[in-house]
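Please read the structure below before turning to the comments.
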Amino acid sequence: MLGNEEGKRKTPPKWPDKFLGWFCHEDHLEILRGDVYELYEEHIETMPKWKADLLFILNILGLCRPFVFKRKSQNSIHIAMFRNYFKVTYRNFIKQKVYSMLNISGLAIGLACAILIFIYISDELSYDKFHSKSDRIYRVLEKFESEGVGEHSASLPFPTGPALKNDFGRQVEHAVRFFNFQSPSLALANKAADKGFNESSIFFADSTFFDVFDFELIEGDKETALDDPNSILITRSMAKKYFVDDDPMGKTLEFQGDQNLMITGILEDSPKNAHFQFDFIVSFSSLKASFGGSYPTSWYWNPCWTYIVLEENTKPSDLLGQFPDFVQKYFPDFVKDDIELQLQPVEDIHLTSKLDYEIAANSDMKNVYIFGMVAVFVLIIAAINFIYLSTARANKRAKEVGVRKALGSAKSQLINQFIFESILLTFTSLLIGVFIVILILPGFNALTEKTVPISILLEPLFLFNLIGAGLIIGLLSGFYPAFVLSSFKTVSVLKGGHLKINGMNFRRILVTAQFSISIMLIIGTFIVLKQLDFLQSKDAGFDDENIVMVPVIQSPMGQHYENFKIAALQSPHISSMTAVEEIVGAKYQVGNYLFEGMEESKPFPRFNVRHDFVSTMNIPLAAGRAYDQTIQTDDSLALIVNETLVHSMGWDTPQEAVGKRFNFRGELKGRIVGVVEDYNFASKHYPIAPLVITLNTRPRAFNLFIKYVAIKIDGTQTKTAIADLERAWVSVLPDRPFDFFFLDDRINDSYKSEMKLSDITVIFSTLAILVACLGLFGLATFSVEQRTKEIGVRKVLGINTSQIMLLLSREFMVLIGIAFLIAIPLAYYSLNEWLNDFAFRIDIQIWPFILAGAMTFFISAITVAFHALKASYINPTETLKSE
Amino acid sequence: MKHTQLGEFEELVLLVVGSLHENAYSISIKAELKEKTKRNPSIGALHSALNRLEKKGFITSYEGGATTERGGRRKRFYQITAFGRKALDQSYELRSSLYHTLPNIGYAGK
């Protein structure tokens, strides 16, 4: 037999034994332990120690069997424990209603904010990912620039798509083109039902439309629906609009008053998370009718949005390398050295693309980051509240902890209990938060122009995230209070008396962090609002108010323009009229010009106008004259340019520019007759570039180069002015629907992304501050309660109300002061970064900082003062006698 | 009669418990099994089987007194019950009756 002494010398490692003790049911523990030790003793005699140790470990691991595990009786104890935890949580909740409500409502609001932002962000990120080939679909871009002037266009010349497919057949699986005359609206009519409208979402598309994109066709055949000329697909809601309950299949719609299109399919409404929306898709071959029987062959004019699907295993770089040769091969001599073709993944368009001629205004990745940060901030603030309110309750729970400890609760059991409570409260808040989300999701959708269904809340991934987030927040925020509470010394707690809570410093840090974040959010909100206001109201250099825009492209207006103008100007409320190529102050086109002193022509932003443009828009002249109706040669032999162009040409003064010769598309054309002062012909995201304003009086220009008639009206008589205008319209074009919009409204669309940003930051910052104040309120309540006795004593000694207020608020004010100091540099830095992306930006001033600090200070002062006042009314006899 | 069902390993353990008489406890059973069957079951597997056998009523157990070996821990001794004995008998009968229906060995070799 092995002697005891010898056995002590050679003992197995301790931890597997402990492990056994942890998982093994007590009924079996002794016997099993005995077994493994006996085996060990046996082994140690015959083999090296390491091997015996290893076998010892393996034996114990081998004992992990169902019958050995702790269960049943133990389980029922656990259930009983949880029931007890639950009961205790509930009782505490009821007993401390104010705290609990603050705790839960703060977290619920925070979680609701975070959920909404999460929904928003995940929707933003989902754009164009629903196509099965979305990772292989690219939009081809044209960068047409010389010395920094020109355009970066989302669209390409007509022949590019087919040429790409033809030249790169092995890399390009499909190509599809979209075209819409770059017109804000086109007319469609169901003649049979006498229903006609100007439609803004009509696109012509190649028959490969369905090969590239996965849009749903409810009726019709994807293979053939777009094969024949004069075919049109309409969406479900448009079918309703034009045909109500009739079956639209096979019926015809009249396009622009002269072309009949037959309906060959009904599309599902285009998903909201696609970077452009359509109501009608017309077969591309229908376009031939508008261009004299064949497609335009120009490689200069670039109106077609072109998408390609790369073959599997083809990298975009494979194609990009061959593009320069492609450009040289096809593009006309005078531009081919300035052109670069690029590829843009379709999934990136919505969040990152800001090109010329986008189909629709896109969103901005930066907003996603900012919203994400706001969500995290709000969550942090809410969680911090939760943490310090829980710790603040500690002294109320101290007796309970003491009793539990005296009765033999292990520290781990207390921790379990508090973490359980925290998780339970978090989940309660989560439920309330989800409920809040359900209530405000419709409003949120309206605000953000999204259509996120409530059913998103039931999606597995979403639920999973939600529960995960609940657990994490519950654990994190329960952790600290659990440790503080469980570490109370039994004796001192039970003795009562002065309970020093150690958490005060930690809570001070939390409060400071919270207020730093709040102050940053307030500053950010002010500055975003200010910048948006600046973008919208900064003098653009022309009048955008009281300008009515009437879309006229592809209409017979060309022949009737002069008559229309005469008829309209008869109204006393209409002061001036012109016609323009694009929305003034938002869009422009590009043309190649060669000015005196240049060797080769260069692409310049260009704007086709009719007479009276400068006076209607009220753009000041820097030199020379405006276009004159009485000078016939102005039409082709004269140009007006802006001041930036003058500077970029190296001419010293605008006066010097007048009379300089220019050359357009190779032929010597004429001279500059006038220079206008700079105005923002594109949105204020971009700096002002050189600009050429050219007069175009040809009636045919209304097919392409003149898209709107712009009318200056009397702003006090808007209604009558528009009625007069419509009368004038009907007198020349009785068959066409009259349509109009106000210029300033449309210009504001350029700042949609910023508007959304400011709307959302205002809302969520307000909520964040509200949540922070809830926390402060709770903390103040706590601090007053803790010091009632002190206040009682002081009152007896003759302190007055204002002194009490000072006493109570001093600490918070110091903390807010520190928070303010921390917030200033962080806010300044991040906002400066944001502003740097705007060509026209505000300077960061001091007042938003001061205002934010003052606001926070003021709100907290009120909160604390409320409590101080309450405390000062306490009768000292009440507080002092209750020992 | 689910209770009377015996797994192959269970049957072996039951036989060993019966054959060891008074000295049947986990380690001795394990040693005996190793010696007789050349297989070396882990004590986990062995306890698992013993536990099942006891649940089915084939064996009973009692705890022996503490000794200095095994770090002063007690052993659990196992005894076969009458019911266990009967199960073994039945199993044996079943097997031998089936065995006797086998044709001649020489025939199988052909």
Cα-projected label distance for A:Glu312 with A:Glu45, points at 7 Å along beta-carbon direction, nm: 6.7 nm
Grab the other residues whose beta carbon is less than 15 angstrom from that of A:Gly817, score K and R as +1, D and E as -1, and report the net. +1
Hydrodynamic radius (Kirkwood) for the stretch A:687-811, which is based on Cα pairs only, to one decimal in Å: 22.4 Å
Note: A:Asp325 to A:Tyr686 extended length (0.36 nm per residue) minus current alpha-carbon separation gives 126.8 nm
Contour minus Cα-Cα distance for A:Asp167 and A:Ser753 (0.36 nm per residue): 207.1 nm
The FRET efficiency for A:Asp27 and A:Ser412, from their Cβ-Cβ distance with R0 = 25 Å and rounded to 0.05, is 0.60
Please give me the summed charge of the neighbours of A:Ser537: other residues whose Cβ is under 15 Å from its Cβ, Lys and Arg +1, Asp and Glu -1. -4
May I ask you to list the trypsin sites (Lys or Arg not before Pro) in the stretch A:533-598 that are in a DSSP loop and have at most 16 other Cβ atoms within 10 Å of their Cβ? A:Lys538
Could you name the lysines in cross-link range of A:Lys315, using Cα to Cα under 22 Å and dropping any fewer than eight places away on the same chain? A:Lys129, A:Lys133, A:Lys143, A:Lys165
Degrees between helix A:752-786 axis and first principal axis of chain A (Cα, 0 to 90, nearest 10): 20 degrees
For chain A, what is the accessible area per residue in Å², given a 1.4 Å probe and the full set of protein chains? 45 Å²
For B:Lys56, which lysines qualify as cross-link partners when the Cα separation must be under 30 Å and same-chain residues fewer than eight apart are set aside? A:Lys70, A:Lys72, B:Lys2, B:Lys30, B:Lys34, B:Lys36, B:Lys38, B:Lys75, B:Lys86
Between A:Asn563 and A:Lys789, with labels modelled 7 Å along Cα→Cβ, what's the label distance in nm to one decimal, could you check? 9.8 nm
How compact is the protein assembly as shown by the rule of thumb for globular proteins, expressed as Cα Rg over 2.2 N^0.38 Å? 1.39
Please determine, in degrees from 0 to 90 and to the nearest 10, the orientation of helix A:460-486 with respect to the longest principal axis defined by the Cα atoms of chain A, where the helix direction is its Cα long axis. 40 degrees
Return the Rg/Rh value of the stretch A:160-255, two decimal places, where both radii are evaluated on C-alpha atoms and Rh is the Kirkwood radius. 1.02
Calculate how large, on average over all directions, the projected area of the Cα convex hull of the stretch A:30-141 is; give the answer in nm² to one decimal. 18.4 nm²
As a test, work out the antiparallel percent of DSSP beta bridges whose residues both lie in the protein assembly as shown, rounded to the nearest 5. 80 percent
Can you tell me the dipole magnitude for the protein assembly as shown around its Cα centre, using point charges on the Cβ only (Lys, Arg +1; Asp, Glu -1), in Debye to the nearest 20? 7360 debye
On protein heavy atoms with a 1.4 Å probe, the accessible surface that disappears when B meets A, both sides summed and given to 100 Å², is 1800 Å²
Which value in Å is the Kirkwood Rh of the stretch A:627-669 over different Cα pairs? 11.6 Å
Based on DSSP H runs of at least 4 residues, each adding -39500 (n - 2.57), what is the mean residue ellipticity at 222 nm of the protein assembly as shown after dividing by all its residues, to the nearest 500 deg cm²/dmol? -17000 deg cm²/dmol
What are the principal axis extents of the Cα atoms in the stretch A:600-678, in Å, biggest first? 33, 26, 20
Projected label distance in nm at A:Val814 and A:Lys719, using a 7 Å step from Cα toward the beta-carbon: 6.5 nm
Computed on alpha carbon atoms, what radius of gyration and Dmax characterise the stretch A:741-883, expressed in Å? 22.1, 76
For the stretch A:577-711, the dipole about the Cα centre with charges only on Cβ (Lys and Arg +1, Asp and Glu -1), to the nearest 20 debye, works out at 440 debye
Rg/Rg_ref, the stretch A:442-599, where Rg_ref = 2.2 N^0.38 Å and atoms are Cα: 2.17
Could you check how much of the accessible area of the protein assembly as shown is carbon and sulfur, as a whole percent, using a 1.4 Å probe? 58 percent
B:Ser42 neighbourhood, Cβ < 12 Å, K/R = +1, D/E = -1, net charge +3
Taking just the alpha-carbon atoms of the stretch A:322-365, what radius of gyration and Dmax come out, in angstrom? 13.7, 38
Those residues in the stretch A:14-56 that give up at least 50 Å² of accessible surface, probe 1.4 Å, once the partner protein chains are present instead of the chain by itself are A:Glu30, A:Ile31, A:Asp35, A:Glu38, A:Leu39
Considering lysine pairs in the stretch A:385-498 that are 8 or more places apart or on different chains, how many have Cα atoms under 23 Å apart? 11
Could you order peptides A:169-182, A:189-202 by the average number of other Cβ atoms within 10 Å of their residues, highest first? A:169-182, A:189-202
Which of A:Ile713, A:Tyr679, A:Phe702, positive extreme of dipole for the stretch A:645-727 (C-beta unit charges): A:Phe702
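The values are calculated or read from the model by the stated rules, or taken from the named source; none is laboratory data. Quantities reported herein were computed from a predicted structural model and do not represent experimental measurements. Cβ: placed from backbone, ideal geometry, glycine included. Neighbour counts: every protein chain shown. For the accessible areas, the whole protein counts, side chains as well, though only heavy atoms, and no ligand, DNA or RNA atoms are used. Shrake-Rupley method; radii C 1.70, N 1.55, O 1.52, S 1.80 Å.
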